[in-house]
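Colleague: Take a look at the following structure, please.
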Amino acid sequence: MVLQVYPVLCRAGYMDNYSYILTESKSNLTAVLDPSETEPIVAALQHLKVTPTYIFNTHHHFDHTDSNRDLKKLYGAKVVANKNDSPRIPGFDIGVEPGKTFDFGQTKAHIIDVSAHTQGHILWYFPQDKIVFTGDTLFNLCIGGLFEGTTTEMFAALQKIRQLPEDVLFYPGHEYTLPSANFALNNASDSKEVMAYIQRAKERLQQHLPVAPIALGIEKKCNPYLRADTLENFTKLFR
Ligand SMILES: [Zn+2]
């Protein structure tokens with residue numbers, strides 16, 4: 001375990017994005033994942049006394065890439081994103097490929113294609129550190145909208161997340177837990193477990209803490225979209 005993750009709330013109160021500062025303690029490397037608002041990210045970097053070498057993106061949407069160019073200018077950081085989506089990534093420098101890995105100091109990110117929210121959306125999965133960044137594919141108790149994909153594609157994308165180990169912690173691109181709470185409760189198989197999840201989320205949010213990270217094993221039980229084990233059951237959730 002060499003990776004530390006620092007969540008940074010961006011666009012607070014209207015979009016509630018989460019950008020993440022990743023530090024790799026062995027090589028002393030820093031990356032910022034999905035930077036969407038420069039000011040809070042720069043403040044957090046200063047607080048941590050680190051400067052980023054890389055910017056990682058999960059997908060092209062502006063609320064995940066808007067600060068790419070600012071951070072490049074300020075720190076000379078290199079933008080690393082899906083090479084198949086390079087024309088839509090602001091400031092694109094280094095391409096990663098689904099199915100391949102990217103070395104981040106002593107650790108390795110596995111790049112997993114989850115095209116559905118957008119075509120070319122990727123997961124940044126660090127198996128050694130048991131961490132996955134899910135962007136706008138998986139949120140707490142819900143999933144991202146289908147802007148450029150179908151329900152079939154989203155189901156396939158979620159199956160890839162379901163196959164990851166249960167103790168992997170996931171970090172989503174937005175804080176949407178409470179707006180998703182009723183839907184999750186109405187579609188729960190074990191409402192007790194979902195209620196405990198929501199209660200914990202409320203307590204975290206009251207303390208201005210992110211709900212993330214949650215272990216995928218818990219999310220699989222509580223998130224109706226992730227729990228759905230067949231395309232038929234998954235599709236029913238959209239009716
Ligand atoms: Zn998005």
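The numbers here are math on the coordinates, done by the rules we state, and not lab data. Values in this document were obtained by computation on a predicted structure and should not be read as measured data. Because the Cβ atoms are built from the backbone with ideal geometry, glycine has one as well, and the counts that use them run over all protein chains shown.
Colleague: Report the gain in length on full extension from GLU193 to GLU166: 0.36 nm times residue separation, minus Cα-Cα distance, nm rounded to one decimal. Kindly include the intermediate steps, with their values, before the conclusion.
Modeller: Working: separation 27, 0.36 × 27 = 9.72 nm, distance 1.59 nm.
Additional length available on full extension: 8.1 nm.
Colleague: How much of the DSSP bridge set in the range 1-96 is antiparallel, in percent, rounded to the nearest 5?
Modeller: Close to 55 percent.
Colleague: Largest first and to the nearest Å, give the Cα extent of the range 88-239 along each principal axis.
Modeller: Computed over the range 88-239, the largest-to-smallest principal extents equal 44, 36, 28 Å.
Colleague: Which value at 222 nm does the chain reach when only helices count, each DSSP H run of 4 or more adding -39,500 (n - 2.57), with the total divided by all residues and rounded to the nearest 500 deg cm²/dmol?
Modeller: The helix-only estimate for the chain comes to -8500 deg cm²/dmol at 222 nm.
Colleague: Treating only the Cβ of Lys, Arg, Asp and Glu as charged (+1, +1, -1, -1), what charge dipole size does the chain show about its Cα centre? Round to the nearest 20 debye. Walk me through the numbers before you get to the answer.
Modeller: Numbers: 23 positive and 26 negative charges, 48 e Å.
For the chain, the charge dipole is close to 240 debye.
Colleague: In a Gaussian network model over the chain where Cα atoms closer than 10 Å are linked, find which of LYS26, LYS72, LYS220 has the largest mean-square fluctuation.
Modeller: Comparing LYS26, LYS72, LYS220 in the GNM, the peak value goes to LYS26.
Colleague: Right, here's the next one. Compute a Gaussian network model of the chain, connecting alpha carbons closer than 10 Å, and tell me which residue from LEU74, LEU158, LEU185 fluctuates the most.
Modeller: Checking each option, the largest mean-square fluctuation is seen for LEU74.
Colleague: What is the distance, in nm, between label points placed 7 Å from the Cα along the Cα-to-Cβ direction at MET15 and at GLN159?
Modeller: 3.2
Colleague: Between HIS47 and LYS108, what is 0.36 nm times their sequence separation minus the Cα-Cα distance? Round to one decimal in nm.
Modeller: 19.4 nm
Colleague: Could you state the principal axis extents of the C-alpha atoms in the range 24-88, from the largest down, to the nearest angstrom?
Modeller: The Cα atoms of the range 24-88 stretch 32, 26, 17 Å along the principal axes, largest first.
Colleague: Based on a Kirkwood Rh over C-alpha pairs, give the Stokes-Einstein translational diffusion coefficient of the range 1-120 at 20 °C and viscosity 1.002 mPa s in µm²/s.
Modeller: Taking Rh from Cα pairs, D becomes 150 µm²/s.
Colleague: To the nearest Å, what is the center-to-center distance of the range 1-19 and the range 124-149, using C-alpha atoms only?
Modeller: 14
Colleague: Give, in whole angstrom and from largest to smallest, the semi-axes √(5λ) of the equivalent ellipsoid of the range 157-216, with λ running over the eigenvalues of the Cα gyration tensor.
Modeller: 19, 16, 11
Colleague: Report the label-to-label distance for GLU39 and ASN233 in nanometres (one decimal), using points 7 Å from each Cα along the Cα→Cβ vector.
Modeller: Going from the GLU39 label point to the ASN233 one covers 4.5 nm.
Colleague: From the phi of every residue in the range 189-202, what ³J(HN,Hα) in whole Hz does the Karplus formula 6.51 cos²θ - 1.76 cosθ + 1.60 yield, where θ is phi - 60° and glycine or proline is x?
Modeller: 3J(HN,Hα) across the range 189-202, in whole Hz: 8, 10, 5, 4, 5, 5, 4, 5, 4, 5, 4, 4, 4, 4.
Colleague: Percentage of Cα-Cα pair distances in the range 1-41 greater than 12 Å, rounded to whole percent?
Modeller: Summing the P(r) of the range 1-41 above 12 Å gives 56 percent of all pairs.
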